[in-house]
Each structure stands twice: as C-alpha cells, then as structure tokens.
Amino acid sequence: MKLATLRNGTRDGALAIVSRDLSLGTFARDVVAGLETLQGLLDEWDMLSPQVERVSAELNLAVDRGSAPPFPTFEFNPAEAMAPLPRAYQWADGSAYVNHVELVRKARGAEMPQTFWTDPLMYQGGSDTFIGPMDDIVVADEAYGIDLEGEVAVITDDVPMAVSKHDAGDYIRLVMLVNDVSLRNLIPNELAKGFGFFHGKPSTAFSPVAITPDELGSAWNNASVRLPLHATINDEPLGYPDAAVDLTFTFADLIAHAAKTRKLAAGAIIGSGTVSNKGADGGPGKPVAEGGTGYTCLAELRTIETIQLGKAMTPFLKFGDRVSIEMLGVDGTSIFGKINQKVVKYAQS
C-alpha cells in the first residue's frame with residue numbers, strides 16, 4: 001500500500017491511502033474509524049494495517065477497472081502532501097554507501113578509518129520540522145554551500161534493543177525517498193568540534209508517499225531497494241546510481257546499529273545516506289555526461305572534479321535552482337512520486 005499525509009491545517013496532517021499509480025486517494029478517517037495520522041497507524045500497526053490494506057486493494061482494483069470504489073476518493077496532488085511523517089520521534093541517518101563517505105571526506109582532506117567499512121556511520125538529525133516533497137528549500141545564505149542528497153529511508157515499528165541483524169529487517173514497515181539537504185560549507189567546522197552535524201543539516205524532505213516493501217516486488221531484497229535513484233538539477237540529470245550497487249550496509253544492518261543500546265519507537269526513520277556508485281573500473285563514479293551513472297549530490301561531483309582537474313568546477317545550489325529526486329519502476333512509472341523542490345532565500349518576517 002501507498003500512504004501520504006495531506007495538509008489539513010494541523011501539524012501532523014491527514015493520512016491518505018493512495019492508489020498504486022498515484023492518481024487517486026482516500027482519507028483514512030473515511031474508511032477506518034478513528035485513524036487520522038500515519039503515526040496513529042504505526043502505533044497500532046498490527047490491528048489497523050490489515051484494514052488499510054483491504055482499502056488499498058479495493059482502491060487499486062477500482063483504478064485498474066476504471067470504476068468507482070465504494071468510498072469517497074479525490075485526485076491525489078503531491079503539491080498538497082506534507083512529509084509522510086511531518087514530524088517523527090526519531091530520524092537517524094546512516095551511511096550505507098561508504099563510497100560516498102570516502103569521497104566527501106577526501107574533499108575536505110580527512111582520512112577515512114577502515115572501521116567505516118564494518119561499523120556504520122550514523123547521526124541523529126532534526127525530526128521536528130520535516131518538509132514536504134514540493135516545499136521550498138529555504139536557506140539564509142548561498143555561501144553555506146547548499147547541496148541535495150538523494151537517499152532511501154525506512155520507517156520502523158517498535159524495535160527491541162540489541163535486535164540482531166538477522167531479525168532487524170522484520171521491523172521495517174514503510175519505505176520512502178529522502179532529500180537530506182546539506183549545507184556543505186558549514187559542516188567541516190561543526191565536525192571539528194567533535195559533536196557532529198547541527199547547522200549543516202537543515203530540514204529534510206521526503207517523497208509524496210511512503211510504501212510498504214511489497215509494493216517494490218522483487219526490487220525489495222535483503223532489506224534493500226534494487227533500483228536506480230534519479231536526481232536532477234534544473235531538469236538536467238545529475239545521476240541515477242543504483243541503490244543496490246556498492247551498498248555496504250542494508251537497512252537491517254542500520255536498524256541493528258541504531259538499536260544497539262536502546263529500543264526504537266514505532267515511527268523511527270532510518271536513512272541510507274547518499275546513494276552512491278563507484279565507476280565500472282572500481283574507481284570513482286563518472287558523471288552522466290561521461291557515460292557514468294553520476295551522483296545524487298553535488299559534493300561527489302565536486303570531489304571528482306577536484307581529483308581530475310585540481311579544483312571543483314560545479315557550484316553548489318543557487319537561489320532559484322530546482323532539484324528533483326525520484327525512483328522509477330521497471331515499467332517506467334514513479335513509485336514514490338517525485339521530490340521536486342526550489343531553492344529560495346529565507347526572508348525573515
């Protein structure tokens with residue numbers, strides 16, 4: 001099933017069940033008594049999800065047949081969508097693609113310990129002000145070094161402390177896409193303090209819908225997604241690296257890591273980190289223009305330019321730029337809907 005949260009004037013929005021082709025939706029409250037929000041569904045997943053699944057199946061059947069389902073529907077508009085979870089109890093972003101970590105650290109002259117290949121990196125991000133898939137990226141100053149980061153994320157059920165990697169994948173309830181916006185020029189000084197990201201990671205955006213893993217069919221395997229992630233800037237392709245290629249840690253690995261010393265509450269979001277592929281020769285990935293799969297963030301492209309040309313040539317994002325992140329199925333249709341955002345200057349009121 002596919003789920004969205006639509007604006008209704010409240011902080012947590014209204015949960016909607018969306019058809020597989022993203023054309024129609026129905027509000028959960030109209031078909032499941034008392035169900036208002038996605039967090040409400042996650043809190044009572046075992047009891048409520050079978051009801052939501054039945055509604056989802058009826059909605060998809062009606063769309064396939066071109067008939068009207070036995071409940072009220074509306075045309076789904078991603079511009080009305082908030083993040084599937086507009087705020088969450090936990091947002092922990094990992095680095096499942098160590099190739100990305102290696103390149104970005106190289107760009108700022110930092111050595112990469114070998115333990116990064118065996119022990120996942122993870123940081124706790126701000127989870128109180130997530131933004132919708134078509135909301136503006138609002139930044140005060142271009143000099144901060146504005147960058148996109150295309151990722152995949154999962155939402156978990158309650159996860160017990162010290163869960164094994166073998167069992168951790170069983171607690172995945174939903175999958176979505178991420179734009180983990182980064183302010184690259186603020187990050188080095190923050191990390192030098194030894195306490196990690198804060199100012200360098202502003203509000204994060206998520207895809208229009210979150211989906212159950214079964215919606216991915218065979219593309220969901222071993223707690224990972226086996227499809228390319230497409231990123232563009234101003235409608236020009238930045239990259240389409242495959243989310244299953246050069247994957248060092250699966251979501252089961254990341255969840256087990258996050259739950260090593262604490263349990264996770266239902267609604268915890270675990271991110272993959274920037275999807276990143278090496279080149280066909282095992283070296284750094286090549287830009288799309290050179291026949292490579294490209295990148296889902298500018299930091300990687302700038303690092304490659306620095307290696308090859310002695311300096312970065314591509315600027316970070318400017319005010320007015322538009323970025324998109326999307327994943328397509330084997331039939332070419334959008335699975336999660338598109339993250340499509342404009343970078344704008346913050347205007348203090």
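The values are calculated or read from the model by the stated rules, or taken from the named source; none is laboratory data. Note that the structure is a prediction, hence the values are computed from the model and not measured. Neighbour counts are summed over all protein chains in view; Cβ atoms, including those assigned to glycine, are modelled from backbone coordinates with ideal geometry. Each accessible area value is taken on the protein alone, full model and side chains, heavy atoms only, with ligands, DNA and RNA left out. Shrake-Rupley method; radii C 1.70, N 1.55, O 1.52, S 1.80 Å.
Do any of Lys193/Lys345; Lys2/Lys318; Lys193/Lys338; Lys311/Lys342; Lys201/Lys338; Lys263/Lys286 go past 31 Å between their Cα atoms, and which?
Working: Lys193/Lys345 28 Å; Lys2/Lys318 33 Å; Lys193/Lys338 36 Å; Lys311/Lys342 27 Å; Lys201/Lys338 21 Å; Lys263/Lys286 40 Å.
With Cα atoms farther than 31 Å apart: Lys2/Lys318; Lys193/Lys338; Lys263/Lys286.
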Explain nothing, just the number: dipole magnitude of region 1-102 about its Cα centre with +1 on each Lys and Arg Cβ and -1 on each Asp and Glu Cβ, in debye rounded to the nearest 20. 200
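For region 110-197, what does the alpha-carbon gyration tensor say about shape, rounded, prolate or oblate, given a ≥ b ≥ c as the root eigenvalues, a/c under 1.5 as rounded, and a/b over b/c as prolate? Each step should come with its number before you reach the end.
Details: a/c = 2.44, a/b = 1.30, b/c = 1.88.
In terms of gyration-tensor shape, oblate.
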For region 154-214, shape from the Cα gyration tensor axes a ≥ b ≥ c, cut at a/c of 1.5 then a/b versus b/c, turns out oblate
Please list, ordered by chain and number, the residues whose modelled amide H lies under 5 Å from the amide H of Phe206; skip anything fewer than 5 residues away on the same chain. Ile131, Asn179
Write down the accessible area per residue of the chain in Å², having rolled a 1.4 Å probe over the full set of protein chains. 44
Put +1 on the Cβ of each Lys and Arg and -1 on the Cβ of each Asp and Glu in the chain; which of Tyr144, His100, Ser127 then has its Cα farthest toward the positive end of the dipole? Tyr144
If you roll a 1.4 angstrom probe over the protein chains with everything in place, what fraction of the accessible area of region 195-295 belongs to carbon and sulfur, to the nearest %? 53
Projected onto the charge dipole of the chain (unit charges on the beta-carbon of Lys, Arg, Asp and Glu, signs +1, +1, -1, -1), the Cα from Ile17, Val344, Gly282 with the largest positive-side position is that of Val344
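Suppose the chain between Lys318 and Met112 were pulled fully straight at 0.36 nm per residue; how much longer would it get relative to their current alpha carbon spacing?
Details: separation 206, 0.36 × 206 = 74.16 nm, distance 2.98 nm.
Net length gain for the segment: 71.2 nm.
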What are the ³J(HN,Hα) values, in whole Hz, obtained from phi via the Karplus relation 6.51 cos²θ - 1.76 cosθ + 1.60 with θ = phi - 60°, for each residue of region 123-139 in sequence order, with x given for Gly and Pro? 10, 8, x, x, 10, 9, 9, 4, 10, x, x, 10, 6, 5, 8, 9, 9
Expressed as a percent, the accessible surface of region 1-120 that is carbon or sulfur, using a 1.4 Å probe and the full set of protein chains, is 48
Hey, got the dipole for the chain? About the Cα centre, +1 on K and R Cβ, -1 on D and E Cβ, debye to the nearest 20? 700
Test item: Cα-centred dipole of region 103-259, Lys/Arg +1 and Asp/Glu -1 on Cβ, debye: 500
For the chain, longest principal axis from Cα atoms; helix 98-107 axis from its Cα atoms; angle between them, nearest 10 degrees, is 40
Report the gain in length on full extension from Ala289 to Arg11: 0.36 nm times residue separation, minus Cα-Cα distance, nm rounded to one decimal. 95.8 nm
